[in-house]
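Where a number appears in this text, it was derived from the coordinates with a stated rule and is not lab data. All values reported here derive from a predicted model rather than from experimental measurement. Don't worry about glycine lacking a Cβ; one is built from the backbone with ideal geometry, like all the others, and counts go over all protein chains shown.
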Amino acid sequence: MNEIVTFKKEVEEEITNIWINEPEDIFVLKKGYLPSGAGIYDQYFSVLVMLSGEMRSLGIHAFADLMAFAESPAFQMDQIRIMVKRILKIDCGVISYFGLPKYGGFLNRYYALIDTIETKEEFIDVTRSMFTLTNRYQMWLHQIFPWGISMFFKQKQPDDYKQTYETLKEVTEKGR
C-alpha cells in the first residue's frame with residue numbers, strides 16, 4: 001500500500017476514534033502532564049492557551065486556505081507544496097512539544113508526505129482528512145478549555161478608569 005494511502009487511512013481511523021472519545025494527548029494535557037516540560041511557572045494553562053490558538057488557526061485558516069489553493073486553477077502542485085511548507089513549518093515544530101504528540105505526529109507526517117503527492121486530487125483527498133482531524137482536535141481543546149477562569153477578567157467601562165486616574169493623579173501630586 002502506498003505511503004499516502006496508508007497515512008490517510010490512519011488519519012481517518014483517528015478521526016473516527018476521537019469522534020466521541022477524547023484524544024489521548026488532550027486527556028493527558030488536561031490532566032496537566034507535559035512530558036516535554038513545556039510551560040512556565042509549573043503550570044500548563046499558558047500551553048493550553050497557545051495550543052488552542054494554534055489548532056484554531058490550523059483548522060479555520062491554514063487547512064481551509066490550502067484546500068482553496070488546491071481547488072483553484074491558478075495554483076499548481078509545485079506552488080501548493082511551497083505554501084504547505086511555509087504555512088505549516090512552525091506548527092510542525094511546536095505542536096508536539098506543547099502537548100499534542102499524537103496530533104503533532106500526524107502533522108509532521110503530512111508535512112513530509114507533501115513532497116510525494118503528485119496530483120491536486122491526491123492533495124485535496126489527504127488534506128481534507130487532515131482538515132477534519134485538525135478541527136476535531138480543535139473542538140476537543142475548546143471543550144476542555146477552562147472557560148470559567150474568564151470571570152476574573154471582567155470588561156471595563158470608561159467610568160471604571162476614572163478611579164484609577166484619580167488615584168494616579170493623587171499619588172503623583174503627593175510625590176512632588
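Using a 10 Å cut-off around each Cβ, can you sort Ser46, Ser150, Ser129 from fewest to most neighbouring Cβ atoms?
Listing Ser46, Ser150, Ser129 from fewest to most nearby Cβ atoms yields Ser150, Ser46, Ser129.
Pairs on different chains or at least eight residues apart, Cα atoms closer than 29 Å: how many lysine pairs in the chain fit?
26
Can you work out the PRE-style zone for Arg109? Point 7 Å along Cα to Cβ, and I want the residues of the stretch 11-45 with backbone N under 14 Å.
Zone members listed by number: 11-17.
For His61, what charge total do you get from the other residues with a beta carbon under 14 Å from its beta carbon, if Lys and Arg give +1 and Asp and Glu give -1?
-1
How far is helix 45-57 tilted off the main Cα axis of the chain, in degrees rounded to 10, range 0 to 90?
50 degrees
May I ask you to compute the full-extension gain from Asn2 to Tyr41, defined as 0.36 nm times their residue separation minus their alpha-carbon distance, rounded to one decimal in nm?
9.5 nm
Just name one of Tyr165, Pro146, Leu51: the one whose Cα is farthest towards the positive end of the charge dipole of the chain (beta-carbon charges, Lys/Arg +1, Asp/Glu -1).
With unit charges placed on the Cβ atoms, the residue in question is Tyr165.
Residue separation times 0.36 nm, minus the C-alpha to C-alpha distance between Ser72 and Phe153: what's the value?
This chain segment gains 24.8 nm when fully extended.
Which trypsin sites (Lys or Arg not before Pro) from the stretch 63-168 combine a DSSP loop assignment with at most 15 other Cβ atoms within 10 Å?
Those that pass, being in a loop and sparsely packed, are Lys154, Lys156.
Could you put Ser52, Ser72 in order, starting from the residue whose Cβ has the fewest other Cβ atoms within 10 Å?
Listed from fewest to most nearby Cβ atoms, that is Ser72, Ser52.
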